[in-house]
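Read the structure below first, then the notes.
Just so it is clear, none of the values below were taken in a lab; they were calculated from the coordinates. Remember, predicted model here, so these are calculated numbers, not experimental data. Positions of Cβ are backbone-derived with ideal geometry, glycine not excepted, and every protein chain shown enters the neighbour counts.
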Amino acid sequence: MIVAILCGGSGTRLWPLSRELMPKQFVSLINESLFQQTILRNLDFSDKFCVVTNDKHYFLALDEIGKINAKNTEFNYILESISKNTAAALLFVALNANSDDIILALPSDHIIKNMQSYKNAILEAKDLANNGNIVVFGIKPTSPNTGYGYIKDGKNSIEFFEKPDKDTAERYLDDGNYYWNSGMFCFKAGVLIDEFKTYKPELLNQCKIALDSAVNSDSFLRIKAEDCIDIEEISIDYAIMEKSKKLKLVKADFSWNDLGSFDALKEEYPKDSNNNSTNSELIAIDSTNNFIISNKLTAAVGVDDLIVVDTADSLLVSKVGESQKIKDVVKILKSSNSPLAQIHSTAYRPWGSYSVLLDAQNYKIKKIVVKPKKRLSLQKHFHRSEHWIVVSGSAVVTLGDEEFFLKANESTYIPMGQIHRLENPGKIDLVMIEVQVGEYLGEDDIVRLEDDFNRK
């Protein structure tokens, strides 16, 4: 069996924790990231994993996998330059597998508990898929949740329903034949492809063309942006599941939470006697039912039913029950081209990370961390000069035709327009402070001349 992990979402309803370049599945919300948890709970079922993600997140996925114990497990990657929803993603996986391979397709942003029940559900689904069925997993609802889609177990068919209003969700709960749509599926690769031939032949053809011209390396297939453009953006539910006559429903009874909002995340944290929950130290006086995420001591006085999320560059305040609307904040940020929709003050790169310590009109101060044996691209800037100060570790600096070594408490200057590169030759992290000075300090003022990670 191949475990296919889908992690192309951006998690806009968990902003400001989740950003476009650091989506929620890679954020350590509760111990391990959701992506890591997805891998760990499925290692017993397969030693072959296929990760479908945006090419911007490839190195995040590699880094996350490197932090967990997943030895003797094969990981392959399908990288989308432009995400086209779950229909194309699952079709890419199926087309890249053998016809008789069973594929267990899983979102990467769920919290699942009661592992024995989970194991039983997966084994049941595997048997059904082996007999030519497409298996959907329905979760028995425990509340009239309006944030989930629903599946009805009908007499002659399985029906899909969009996220309901509160009254409809309560009716679904009372009925007993409605289940939360988990977005988990199990099928033979050839069976899914045959369903696309029947119901979505044009999409099948588009994905075949894109795969044929994909960039192929030992560990990943990268779908080119120009081949993604014409692919229809549609979910697997709309494309196939609502039409297929081969569906079987596994009624799962494990604890499940897809963390689609802060209201959902709140349920995963311990609560005090007044139903307040937090990830840090909280002093709560005459305050009830609050959820606070912060990296510092927080005091709440005389407030109820608030969600407060404090990050280094943004502060979110929402009423409990209203957090689904946070995605509208992200739309506003994107419409104004704000970097706060895309990136945290700490950004992760294939070579390490950088944190913006101060961002002023004509200068910016960063902390840069370069992993051992990694180096940045050979590059130049047209609008800024840079001062580098090594705090710890060691650095090899390329500056024009010159190459030299820097150790802790030593520095150098990079003139505007000069070709340069930073490398960590050591066995520990290189930590340095960079001071940028110039009229324009955007991250797009980088001309890469040579790059170990094939970035443009």
For this session: Once you have the Cα-Cα distance between N120 and Y238, take 0.36 nm times their residue separation minus that, and quote the gain in nm to one decimal.
Result: 39.7 nm
Problem set entry | Projected label distance in nm at A312 and S345, using a 7 Å step from Cα toward the beta-carbon | 0.7
For this session: Based on other C-beta atoms within 10 Å, arrange I68, I111, I122, I285 from fewest to most.
Result: I285, I68, I111, I122
For this session: Sort the range 2-257 into rounded, prolate or oblate with this rule: let a ≥ b ≥ c be the square roots of the eigenvalues of the Cα gyration tensor; rounded if a/c is under 1.5, and if a/c is not under 1.5, prolate when a/b is larger than b/c, oblate otherwise.
Result: rounded
Exercise. Using a simple charge model, +1 on the beta-carbon of Lys and Arg, -1 on the beta-carbon of Asp and Glu, nothing else, what dipole does the chain show about its Cα centre, in debye to the nearest 20?
Worked result: 480
For this session: Filter the cross-link list K163/K319; K24/K319; K84/K163; K48/K374; K166/K325; K67/K407 down to pairs whose alpha-carbon distance in this structure exceeds 24 Å.
Result: K48/K374; K67/K407
Exercise. ³J(HN,Hα) across the range 66-82 via Karplus (A = 6.51, B = -1.76, C = 1.60, θ = phi - 60°), whole Hz, x for Gly/Pro?
Worked result: x, 8, 10, 8, 10, 5, 6, 10, 8, 10, 10, 10, 10, 9, 9, 6, 9
Problem set entry | 0 to 90° range, to nearest 10: angle between helix 201-212 axis and the chain longest Cα axis | 30
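To the nearest 0.05, how large is the calculated FRET efficiency for I65 and D230 if R₀ is 41 Å and r is the Cβ-Cβ distance? Write down the numbers at each step before the final one.
On the way: r = 32 Å, r/R0 = 0.77.
The value I calculate is 0.85.
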For this session: Considering the options L211, I236, I223, tell which one lies farthest towards the positive end of the dipole of the range 189-246, charges being +1 on Lys and Arg and -1 on Asp and Glu at the Cβ, about the Cα centre.
Result: I236
Exercise. Amide H to amide H, which residues 5 or more places from L357 or on other chains are under 5 Å from it, using H placed in the peptide plane?
Worked result: I365, K366, K367
Exercise. What is the magnitude of the charge dipole of the range 262-325 about its Cα centre, with +1 placed on the Cβ of each Lys and Arg, -1 on the Cβ of each Asp and Glu, and no other charges, expressed in debye to the nearest 20?
Worked result: 60
Problem set entry | Simple spin-label estimate for S294 and S28 in nanometres, 7 Å along Cα-Cβ | 2.1
Problem set entry | Positive-end residue of S46, I283, S355, charge dipole of the chain with Cβ unit charges | S46
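For the range 2-257, give the magnitude of the charge dipole about the Cα centre (Cβ charges: +1 Lys/Arg, -1 Asp/Glu; no others), in debye to the nearest 20.
It works out to roughly 440 debye.
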Problem set entry | Prolate/oblate/rounded call for the chain, Cα gyration tensor, a/c under 1.5 rounded | oblate
Problem set entry | Using alpha-carbon coordinates, inclination of helix 166-175 to the longest axis of the chain, degrees | 50
Seminar exercise, completed: If each part is reduced to its alpha-carbon centroid, the range 151-223 and the range 236-297 end up apart, in Å, by 23
Problem set entry | Contact order normalised by residue count of the chain, Cα under 8 Å, 6+ apart, percent | 14
Exercise. Using a ≥ b ≥ c from the Cα gyration tensor of the range 262-325 (square roots of the eigenvalues), is it rounded, prolate or oblate, where a/c under 1.5 gives rounded and otherwise the larger of a/b and b/c decides, a/b for prolate?
Worked result: rounded
Exercise. Pairing the Cα long axis of helix 115-130 with the longest principal axis of the chain, what angle in degrees results, from 0 to 90 and rounded to the nearest 10?
Worked result: 70
